[in-house]
Structure formats: C-alpha cells, structure tokens
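The values are calculated or read from the model by the stated rules, or taken from the named source; none is laboratory data. What you see is a predicted model; the values in this text were computed from it and never measured. No Cβ is skipped: glycine too gets one built from the backbone with ideal geometry, and neighbour counts run over all protein chains shown.
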Amino acid sequence: MPYIEKLELKGFKSYGNRKVVIPFSKGFTAIVGANGSGKSNIGDAILFVLGGLSAKAMRASRISDLIFAGSKSEPPAKYAEVAIYFNNEDRGFPIDEDEVVIKRRVYPDGRSSYWLNGRRATRSEILDVLSAAMISPEGYNIILQGDITKFIKMSPLERRLILDDISGIAEYDAKKEKALQELKQAEENLARVDLLIREVKKQLDKLEKERNDALRYLDLKERLERARVELILGEIKKVESEIKGNDERIEKIEEEIKEIEEKLEEIAKEIVRKERELKEVEELIEKESSEEALKITREIGEVNSKINLAKRNIEVAKKELDEAQIRLIKAKDELKKVLSEIEKSKGAIARWGKRKEALLNKIKELEEERNKLVVKLGEIDRTFAVAREEFDNVVKELENARKSLYENEADIKRLEAEKERLSSRITILKAKLPGIREEVEKLREKLEEKKAELSNVENKISSISQRRRKVEEELEKKTSELQKVSSELESLERELIKAEAQSEVRVNRAVEELKRSGISGIYGTLLELIRVKDEMYSIAVEVALGNRADNVVVENEIVAEKAIEFLKRNKLGRLTFLPLNKIKPKKVNDSVGTPVIDVIEYDPRIENAIRFALGDTVIVSSMEEAREHIGKVRMVTLEGELYERSGAITGGHYKPRGLPVDTRELKERVEKLKLRKEALEAEINSLKVELRGLENQGFELRIKMSEIEKEITLLTRDIEKLLSEERIIKSEIEDSQKGIEEIDRIIHEKKGEIAKLRGKIERLERKRDKLKKALENPEAREVTEKIREVEGEIGKLREELSRVESRLESLNSRLNEELIPRKASLEEEIEGLVNKINALKANIAENEEVLKGLKGKLEELKAKEESVHSKISEYRRKREELEKEIRELRKEKEELSKRMQEFRIEANTLRVRNTQLRSILNEKNSQLRHFPKEVIRSIREIPLDLEKLKREIEEMEEEIRSLEPVNMKAIEDFEVVERRYLELKSKREKLEAEKESIIEFINEIEKEKKNVFMRTFEAIAKNFSELFAKLSPGGSARLILENPEDPFSGGLEIEAKPAGKDVKRIEAMSGGEKALTALAFIFAIQKFKPAPFYLFDEIDAHLDDANVKRVADLIKESSKESQFIVITLRDVMMANAEKIIGVSMRDGVSKVVSLSLEKAMRILEDIRKREALSSEG
C-alpha cells in the first residue's frame, strides 16, 4: 500500500520563501508545536496538493490567500507550491515507478498548475491517479482541525453513502445500468416488431378487400357505358332547346340597356348642377364662419382669459391673505412675549437698583467709620505726625489704588457682558442669513423659471405667428387645388359613364364557379385575360380568337383534371383548358401585317397560352392586303375577315361579341380623384380649425405673457428687498464684530492696568506695614486693625457693587438695545400686516367685482355666438339637403349602372352560354363517336329524367372510384404477406423471452448488490461496536440501518452508550463523546478497508488523558496497516509516535525540525506554561 514519504513546501501559508522538506514515518508520525506556529498548515498543504478546491476547508477566504504574505524578515511569495512524495514500491498507483510525486502550484490570480512525476497534468488526471490508490481530497481519512465531528454531523443518508463507497457496489450499479440499456434495446426491438406486425396485418386486411372488389368493378364498368350514351343523347336534345331561348332573351336585354344609358346621362347632368349649388352654399358657410363667428369666438377667448386671470388674482390674493393673517397672529404672540420680557427686565433692573443703592449706603457708612478711626488714630499719636502723615498718604493711595482696581475689574465685567451680548447678537443675525439666502435662492430659481416660461411663451407666440402664416398660405393653396380636382372629377365621371355604357363584361358562369371552387391555379378565360390596346383592333382580335376565346388558362394538367371533375360533379357543362406547362406556343410571323399579340395586353405569366391561341395570327388593314399573302400566314382584317393558312376564308356580316374595354385605369383615376377631393376637403377643414385654434392660442399666450411679466416684477422686487435686508444684517454683524474687537482691546488694556495696580497695591501694602510697625503702639494697633477690617469690608462691598453694576448695565443694555427695538419692530410689522390684509381684502373684492362683470359679458357673447350659429346652421341645413340629394342621385346612378351591368353580364353570359352550348353539341356528338356503335343502336328510347340518370351515373362512378385502383393480384399478394405475418409473430415470441431473461438478470444484480452491502455493513458495524468498547471501556455503540429490508432507500444511524450513561443519539453527546464515536467509526472503516494514509489534526482536543491514551494506542496498532500523521498538543499521543516533527514560528515564518521524545516533551511543557501564564494575565 502506498504511503507519504515526505512533503515539500515553498511559499505556502506561513512557511516562507525557502523550500521546506517534511519527512514522514511509514507508521505513526506526530506533529507538535505551539498554537499559531503553523503546524495545522501542514494538513492544509496535504489537502491542497491532493487537489482540494475549498479554500474554507484550508482555512482561507480564497485559494490565492494560501500564498505566503511576507514577514519582517522575508518578502511575500510569488506563488505557493506543495509537492507530495508517495512510496509506490507495491504499485498501489497504476504507475510503473517506485515513487510517485504530485505537485501543485497556485498563483495570485487563483490559477493552479499540477505536475505528475515532473510532467504537467490536469486536476482530473491527478484525481484519477489518486482514486486508483483509494485516495481522495474529500476522503474520510483526512480530518482537519475542528472536523472530527463531521461524520457525526453527516445526515444518515451521507453516512450510508460512505458504506456504499467502501463496499464497492458501484460495480453492480454499472452492471445494472448496462442490463437496463439492454432491456431498453429489447423493448425497442419488441416495439419495432409490433409495429411491423400491425402494418402487415393492415396489408392483409386490405388485400382481402381488394380481392372482393375486383368482380364488382367489371360489372359496374359495363352498366356505366350504356348509361353515359343515354345521357349524351338526352343532353343533345336539351341543349338545342336552350340555345333558341337564349337568343330571344339577348334581343330583349339590348333594348333595356339602351333605355338605362339615356337615364344615366340625365342623372350625371343633375349631379353636376347640384354640386355647383353645394359649392355656393359652402362658400356662404365659410364666409359667415370666418368673419363674424371668428370675431365672437376671439372675444369669448379674451373674456375667458380675463376671467381666468381674475380667478388667478383672487386665488393668489387669498393665499397671500392667509399667509399675512398667520404671520400677524405669530407677530402678535411674539410681541406679547417681548412685552412680558420687558416687564421682567424692568422688574429685575429695579431690584438690582435697590441692591446697588443699599450697597452704596453701606459703603458710605463704612467709609465714614474708617475716617473716624483714622482721625482717632491721628489723635492717638500726634508724636508720629510725619510718619502718620506718610502712613495716611500710603493708606489713602492704597485706597485709591484699590478703588481703581475695583473699577477696572467692574469695567472688564461690564465689557465682557457687552461682548457676550454682541456675540449673541451676531449669532442671531448670522442664523437669519441662511434663511434669507435660501429664500433669495428660491425666489431666484422661481424668477429663472418665470423667465424661462416667459421665453417659452414668447417662442410659442412667434411659432404660432409663423405657423398661422403657413396655415393661411396652405389653406389658399389647398382651396385652389380643390377647385381643380372637382372640375377634373366631374369631367372624368362623365367619361366613365360613357365608357361603361359602351363596355361589356363577359362572365362565364362555369369559370366563375371554378374560381370559387377553391381549386388553385385557374387564371380565367382568354377573353377575360386580355385587354385591347386600341378599340380599332377589337373585332380583329375577337375573330382571331374564335372559339378559343372561352378556353380556360390553368397552371398545369393536374389543375385541368381537377377542374373537369368539378364540372362533372356540378353539371356545369364542358370547357377547354390550356395548361401552361404543356401547350406549345406558336411562332410569330411578323413579316406580314401586325402580330395580334402586339395589340393586346396580358399578364406575362400566361404568355404561352396567348402565343398558343394568337401567336400565328397577324392583323392586316384590308382584304386587298390579305390577298397577296393567302396560304402563307393566318390573317385577320380590321373588319373581321379571317384567312386561314389552309387557304380557307371566312367573312360576311359579323356582330361583335364585345371584347372588354379597359376602364380600370379610368375608374382608378376617378377613385383617386375622389379620395384626393375628400382628403383636400378634410385638410381644408382641418386647416380652418387649426387657424382658429392658433388665433385663440395666441391671444391666451399674450395674456399669459402679461401675467408672467407681472410675476417677474414682483419676484425681482422681493429679491431686492431680501438682498437689502441681508446687507443691513451683514453691516450690523460687521459693526458688532468691530465692537467686540474694540472691547477686547479695552479689556486687554484694563487687564494691563489691573496688573500694574495689583503691583502697586502690593508695594503700598508692604510700605504701609513697614510704617505701621514704626508707628506701632497697642491702642494704635487696635485702631489700625479696626481700620483694616473696615477697609476689608469696604473692599468686599465694592466687589459686590461692581457685580451689581455690571448686571444692571447688562439688563439695561438688553432692555434698550434688544427688547425695546424688537418691540418697535414687531409693532411696525403688525401695522404693515394689518394694512396688507386690508389691501388684500380690497383687492379680492375688486377682482370678484371684475369677475362678475366678465361673466355677464361672457353670457352676452355666447348669446351673440348662438345667433350667428343659427344663420350658419340654416346654410348647413341647406348643404345637408344638397349633399343628401347628390347622394341619392349617385345612389340611383349606381343602381342603374349596376342594373345595366347586370343586363350586360346576363347578355354576355347568355352569349357565352350559347357558345358553350354549341361547343357542347359538337362535343356531345364527338363523344358519341367514342362509344361502340352497337351500344348506340341498341338504345331505342331516350330517358326523360336526365337528372335521375346522372345520379345513377354518379353513383356508379363514385362506386367505381371507391373501388379503384383494383388489384387483380390481391390473392397472390395476400399469401406472400400472410407468410411474412407469421414469421414476425414467431420473432416477437423470441424477443419477449429475451426481455424476461434481462429482467431476471437485473433482479439478480440487485440481490447481489444488497448482499455485498450488507456484508460490508455487518463487518463495519461489528468493528464499530468492538472499537467503541475499546475506546470507551464499559460503553457500547452500534450502527443501525434506517431500512434494513431496503437499505438503499434509507440512511445509517449511530447509537452509543458511553460508560455509566444512558443510550444516546449521537446529536445529544458531549464533545469528547462525539469525538470518540467519530474515531470509532473511522477506525471501524480502517479495519475493514484501510486507506493508504490518515491525517488527523487535533482529534484529541476534547479528550481527557485516559481517552487520548486509548486513541493513541489504537493509532499505533493501526499504523501497522496504514500510515498515520497526527497533529497534536498531547504528550500521551506524542509518546506513541514513531517520529516526531516540531513546528515553531520565528519572525512570522514557520520552522520544521525532527525531535526526540524528550525534547518534544519539554517543548510541550513550555507551551502549556506559556498558555497558563497567558490565561492568568
């Protein structure tokens, strides 16, 4: 079994830029080191080199974070690289080498590269090689720090899947998948055979029916032939009678058409007269609408605009009134507060004034007392007159100095109070400035909006003026064009009536029915499909066509056959069809006369049919011209004489059948002119409406412009007022700041003077004390002490007096400079607001009066407008009457035209019908020749009921068609197909047996798969119970399948009973119990199917020493089968290891060294001591 010989790291995590080599024992290797030394990074390195992708599993936020980030002694690495060396002497890897080396490198951008024995490889190749040796980066044999309980936290299904992997049942799944594929193939083969059987059975059924149909078919054919002959003879008789009746009807129709043409001419003249009268009425309507009505409409617009302006003024005034009233209430409330403050200030001033007066009286009393004492002191010792005088001078000077000191200190306090007042005033004024600026900005924004609005309105007025000029020009142009179009339309309509009166439309009922039948590929008769370019060629073209005029052009022979069947079914007679893909065009001979095809128009798609019918015919001017070329070419004269190439000449009186005259272009022109006339009328009306709208818009915009200009003036005035207020405030702030600066200067001077005075007082007091000693006697000392006490009292009183005066000055200053001016300001504002409210109320009343007058004027104008509209309404009523009369005349004209068209269609239909009937006669006689003479002679009597005969023929034809095609070889074919049917039935039985065999094989696989799994489960469960008892003496545990009957539909549960405790589900255990249970599960799998190596990182963290000892003993025992690499901090675990590797951290870089057991023990002891000290600290 392969094992890890060594690990090489470079630039990985904490291991620096040097290449670090870590050798491992084949059995049990322990890795020790302090917390944070980087020992767990060795486990991360193994997971990394084996192809692990989870950065989180390797304790990093992303893969590139595995690269050494640098330290004090080393720079950051450019990449991280790990190589792992496996011993492969037993060829556990499918590589014929004794050593297998896998290397992985990661770059800062997260890319990874892999090598296998020095050769570049992909991750998939690496994983395949590792899988062959039963190694996986996600394997249960790798337990990193904190992952010991991952097996416990697994769901029951995840735990069972581990056993699936261990038992190797994937091989059975593969076999089952292959068998399922074979089963699917067998089922598909069965389905194909079943399909073939069904198809062959259908063939058998069909052949049996065909065999029975054959005899019936022969009998029907014989009966059908006789019935057809009887039908033809009956139809010949019927056609001859119908031709005679049609000729009589045609003559009567022509008389009716002549009468209608005369009536149409009269109606056309009446329409022209009525339209002229309508035009005059419309001009009167336009005149009335464009003058008086427009003027009234404009006046109404002006009044409405003034009404809107008055309403807007009222609305604005009411809004300003509401704002002024609210401000008045606020101003009165504020005035009330200011008056209260004034009263309070006056009361305080009075109180402080009384206090000042009391202090002054007290000081005066004390000063008198001191003076008396001084006099007494002088009387006591006149012997020291000079010294006393000097002493008195000093005392007096000292008193003056102290007085000056007190005065200066009082001045400073007063000045500081004033400074505070000015600072407060500046703060108040500055607080007002942002509001003023904000209001100015708002007003300026509003001003800019109004200016932009004014500019927009001016632009609109300019645009409307330009548009109005264009509309007036366009209206004049359209009116002129309408007159021209109306004149041209009248002329064309007269021409069209005349053309329609002269034109005939040939309609072939059979062809029309064919067109409506839904059969695609029918173009129509040759007569319908051509148009004569010039009327002079009509007779010549009609004669040249001859009987071919009614030939029907179709796309191909299949369409022709479908059409023939349709004619038969609907008894519509017979027609000749020209399939475009089969007919051969005749060559044009243009050496004589004019080719017929040059004087007609037709769709290029039917050119073959045209050339077939007329390609060999030319038009000559006269019989004289034709005589010179008889026999050379087929010719027709302009009068209708026909010269065949055979030499035959046909001529005499010819009554034209009537080729279609092309009135389409004329009708299109009339329709276009009608549409143009309607469009012009609509455009003119639209332009008139637009013109009136533009005039109204212009008036409204000019009023709006006036309003905006007024608003701009008011906004400009408000802005100037606010800016003036801002300047005043800034000036006041500047003055206050200058006042503060002046106060600071005076205070500075005062403080300097105070310092000098204190120095002087100190000198005077020393001098006084010196003089005092010189003058000292008991009585003098007592008086002197008394003087000192009095002076001290005076000094205290003067200090208090200074404070009182300062407070009085502050109160007076606030009263006179703040409260009283504010009172005056509020009173002035209240007076202004009262005046403004009165003015606004007057303004509202004035505008309401104006509004009332405007509404009255609006009513008068509306009444006037109604009067004008009444006159216009009369003209409009007249216009509507004329329009109604014109519509009725046109309707009558259309009805007569329609009736005339119907007569023409009927006459043409009868002519076509007679042509068809004659053709039918020829055809019927021709058809009789195709039947045997003996059949014709055998018929003695023609049936009278031809319809019944036709139904019988149709029934026989239908039955024959239903029988066709008849397969006379049905019996022989039936026998062949029957043999095929029996062979397929036999093959199906074999395939069914094969399917059952595959299903049985799948069941066997499932059974064996379960047996293999259960053997694995039982072995691992047994190992688990034994190993748990070994790791937890006195305890027990077991593995339980959720569904023992069908283990693959459920999971795997773990139940354990630690020593001295109740049975627990694993979720309810402590950390140590969970760790022992997880290790028992891992070692149970190891004992059944050892992995090449096991990597455990601090699995003993939650175990006491006794449990660690048992786990270490078990690892040592198991290391005989597999390699174990254990990262630990426990000496008990380390003591069982064959090899110990120490990891330490210096200057941010991990170092690795092999250790003896004794040295490792000392290192662990040091680590524990440091951790203990750290926890105490």
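Points to keep in mind about this one:
- Scope segment 1098-1114; condition surrounded by fewer than 23 Cβ atoms within 10 Å (Cβ to Cβ) and under 23 Å from residue 166 (Cβ atoms); matching residues: 1114
- Among the residues making up segment 71-84, those that are surrounded by fewer than 19 Cβ atoms within 10 Å (Cβ to Cβ) and in contact (Cβ under 8 Å) with a residue 24 or more places away in the chain are 71, 72, 73, 74, 75, 78, 79.
- Meets criteria (touching a residue at least 60 places away in the same chain (Cβ under 8 Å) and either over 30 Å from residue 225 (Cβ atoms) or loosely packed, with under 15 Cβ neighbours inside 10 Å (or both)) for residue 1000: no
- Residues that are closer than 28 Å to residue 325 by Cβ and of a type in the set (Asp, Glu) do not occur anywhere in segment 858-867.
- Residues in segment 1116-1133 that are surrounded by fewer than 23 Cβ atoms within 10 Å (Cβ to Cβ) and among the hydrophobic types (A, V, I, L, M, F, W, C): 1129, 1132.
- Residues that are touching a residue at least 12 places away in the same chain (Cβ under 8 Å), in a helix (DSSP H, G or I) and under 30 Å from residue 305 (Cβ atoms) do occur in segment 718-735, at least one of them.
- You will find that of 177, 265, the residue that is out of contact with any Ser or Thr (no Cβ under 8 Å at 6 or more places or on another chain), more than 24 Å from residue 949 (Cα to Cα), without any contact (Cβ under 8 Å) to a residue 24 or more places away in the chain and in a helix (DSSP H, G or I) is 177 and no other.
- Candidates 221, 237, 209, 202 - the one that is assigned to a helix (DSSP H, G or I), of a type in the set (Lys, Arg), at pLDDT 80 or above and surrounded by fewer than 16 Cβ atoms within 10 Å (Cβ to Cβ): 202
- Residue in segment 27-46 that is assigned to a loop (DSSP other than H, G, I, E, B), surrounded by fewer than 16 Cβ atoms within 10 Å (Cβ to Cβ), at pLDDT below 90 and aliphatic (A, V, I, L, M) present: no
- For beta carbons closer than 8 Å, sequence separation of 6+ or different chains, a first residue in segment 110-123 that is touching a residue at least 60 places away in the same chain (Cβ under 8 Å) and a second that is outside any strand (DSSP E or B), the qualifying pairs are 114/51; 114/122; 114/123; 114/125; 114/126; 123/51.
- Residue tally, condition in contact (Cβ under 8 Å) with a residue 40 or more places away in the chain, of a type outside the set (D, E, K, R) and within 22 Å of residue 11 (Cα to Cα), over segment 1126-1154: 11
- Scan of segment 85-109 for residues that are touching a residue at least 40 places away in the same chain (Cβ under 8 Å) and surrounded by fewer than 18 Cβ atoms within 10 Å (Cβ to Cβ), ordered by number: 90, 99, 107, 108, 109
Quick grid of which residues meet (1) touching a helix residue (DSSP H, G or I) at 6+ places or on another chain (Cβ under 6 Å); (2) part of a helix (DSSP H, G or I):
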{"position": "940", "(1), (2)": "no, no"}
{"position": "944", "(1), (2)": "no, no"}
{"position": "950", "(1), (2)": "no, yes"}
{"position": "953", "(1), (2)": "yes, yes"}
{"position": "984", "(1), (2)": "yes, yes"}
{"position": "988", "(1), (2)": "yes, yes"}
{"position": "991", "(1), (2)": "yes, yes"}
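- Residue list for segment 154-174, filter: touching a helix residue (DSSP H, G or I) at 6+ places or on another chain (Cβ under 8 Å) and in contact (Cβ under 8 Å) with a residue 40 or more places away in the chain: 159, 160, 162, 163, 164, 166, 167, 168, 169, 172, 173
- Any pair with Cβ under 7 angstrom, 6 or more apart, that starts in segment 41-60 at a residue that is within 17 Å of residue 114 (Cβ to Cβ) and in the same structural domain as residue 80 (by the TED database) and ends at one that is among the acidic types (Asp, Glu) and at pLDDT 90 or above: 58/44
- Of the criteria (1) touching a residue at least 12 places away in the same chain (Cβ under 8 Å); (2) farther than 14 Å from residue 530 by Cβ, which one residue 628 fails: (1)
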